[in-house]
Amino acid sequence: MIATSNIEVSKTTQSRLNEVNWSDLGFGKIFSDHMAVVEYRDGKWHTPSIRPYGPMMFSPAISALHYGQAIFEGLKAYKNENGEVLIFRPEKNAERLNKSAQRMCMPDLPVETFMEMLTQLVNLDNEWIPKGEGESLYIRPHMFAIDEYVGVRPSETYMFCIFTCPVGKYYTTELNVKIEKSFTRAVKGGTGHAKAAGNYGASLFPTQIAKDAGYDQLLWTDGQTHEYFEESGTMNVVFLSGNNVMSPALSDSILDGVTRNSVLQVARDWGYNVEERKVSVKEIIDLLKAGKLDGAFGVGTAATIAPIKTINHEGTDYELPRDNSADFAGKVSTYMDRLKRGLENDKHNWNYKVS
Ligand SMILES: *Cc1c(COP(=O)(O)O)cnc(C)c1O
């Protein structure tokens, strides 16, 4: 448990809770009453504060805007049946933030500081956690460079901030995805393993082209040969064939997703044969042609499990089996949802209970 610390709290006098349309939460458009912030200056993090959510004032010259030193995280909080608040594996996000920070020449944020800010913020705004099916409180920690300086160098000052959004389901239908063979999300030696804002910026254009052609997302392939799968849109990807659960092995061009890690662990617990290795486009297309690909899905915090309905490869659409509620994807989706709400035995101690 985390001791109450020296976080300065100034509460809003005007809660917006009663303005929320709880029947239309969408994803990421409604913001809870408060945010937690802390500044890095003179080589150290200063005293964090919690204050009403709202605009911040910055110079147009801050380096995040020009040279892209900006990283983020995404995780979710749920309420169990006793009204207690559970956050899914938050230390993983704190650790990953620091991996991203290292790659982007940004300062390490002590895991305890991350956890204290998170705990107090979510506690304070716990009435913003929706309880309906598929609903949760999405938490967005992020760090960005705030030097007012146009020269190119690592910034000397940073802001770390956490805000939260009550959210509904991310995807409501199964996905049509296209295997991308010319654009690249991330390359060997690049920043793909970091949750860096610029990775997203660079992915928008190819994704828009796919959307205009009727697809929901891209299946990214490696930047050198385009022969091996990497990720699905902004999620990791998992393929299912018989008893085999396959996911591209982690590398410096693949983001180490908490959902991927958890889903693969659950698969192992359930006796599936889990393979983390290079997964080739050819092998998956061959399985599709033989009717032996039993499922494919994106895995990430926002959607948890996003089943794929069709995969397009060089102009041909391949259909996946339709009703997968009985297979691994369906089972793990229900299981993960129940686990995060405290309805399953949490044998790996993944739920962090906010007191
Ligand atoms: C955040 C993210 C994921 C999913 O990570 P989770 O920790 O499961 O939410 C996968 N791929 C990319 C590129 C991401 O940015």
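The values are calculated or read from the model by the stated rules, or taken from the named source; none is laboratory data. All of these numbers come straight from a predicted model, not from anything done at the bench. In this analysis, Cβ positions are derived from the backbone assuming ideal geometry, glycine residues included, and neighbour counts consider all displayed protein chains.
Applying the condition of being in contact (Cβ under 8 Å) with a residue 40 or more places away in the chain and of a type outside the set (Asp, Glu) to region 202-222 and asking which residue is surrounded by the most Cβ atoms within 10 Å (Cβ to Cβ) yields Trp220. Across region 238-248, not a single residue is classified as more than 15 Å from the ligand (Cβ to nearest atom), surrounded by fewer than 19 Cβ atoms within 10 Å (Cβ to Cβ), touching a residue at least 60 places away in the same chain (Cβ under 8 Å) and within 29 Å of Ala213 (Cβ to Cβ). Phe328 passes every criterion in (1) under 14 Å from Phe239 (Cβ atoms); (2) at pLDDT 95 or above; (3) not basic (Lys, Arg) apart from (2).
The condition (being buried (at least 17 other Cβ atoms within 10 Å of the Cβ), more than 21 Å from Gly192 (Cα to Cα) and touching a strand residue (DSSP E or B) at 6+ places or on another chain (Cβ under 8 Å)) is satisfied by just one residue among Leu264, Leu287: Leu287.
Yes/no per residue for (1) within 30 Å of Leu17 (Cβ to Cβ); (2) assigned to a strand (DSSP E or B):
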residue: Pro154; (1), (2): no, no
residue: Cys161; (1), (2): yes, yes
residue: Lys169; (1), (2): yes, no
residue: Ser182; (1), (2): no, no
residue: Arg185; (1), (2): no, no
residue: Gly190; (1), (2): no, no
residue: His193; (1), (2): no, no
residue: Asn199; (1), (2): no, no
residue: Gly214; (1), (2): no, no
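Answer yes or no: is there a residue in region 187-202 that is away from the ligand (no atom under 12 Å from the Cβ) and touching an Asp or Glu at 6+ places or on another chain (Cβ under 6 Å). No, there is no match, as no residue in region 187-202 is away from the ligand (no atom under 12 Å from the Cβ) and touching an Asp or Glu at 6+ places or on another chain (Cβ under 6 Å).
Considering every residue within region 27-46, establish whether at least one is farther than 22 Å from Phe114 by Cβ and not aromatic (Phe, Trp, Tyr). The answer is yes, given that some residue of region 27-46 is farther than 22 Å from Phe114 by Cβ and not aromatic (Phe, Trp, Tyr).
Within region 179-201, the residues that satisfy the criterion of being surrounded by 19 or more Cβ atoms within 10 Å (Cβ to Cβ) and either among the charged types (D, E, K, R) or on the phi > 0 side of the Ramachandran plot (or both) are Glu180, Arg185, Lys195. Look at region 279-301: where a residue is away from the ligand (no atom under 16 Å from the Cβ) and a partner is modelled with pLDDT under 95 and part of a helix (DSSP H, G or I), sitting 6+ places away or on another chain with Cβ atoms under 6 Å, you get Gly295/Ala329. Note on region 107-141: residues that are in contact with a Ser or Thr (Cβ under 8 Å, 6 or more places away or on another chain) and over 28 Å from Trp22 (Cβ atoms) amount to 1. Taken over region 67-115, residues that are over 25 Å from Lys353 (Cα atoms), surrounded by 15 or more Cβ atoms within 10 Å (Cβ to Cβ) and of a type outside the set (A, V, I, L, M) amount to 6.
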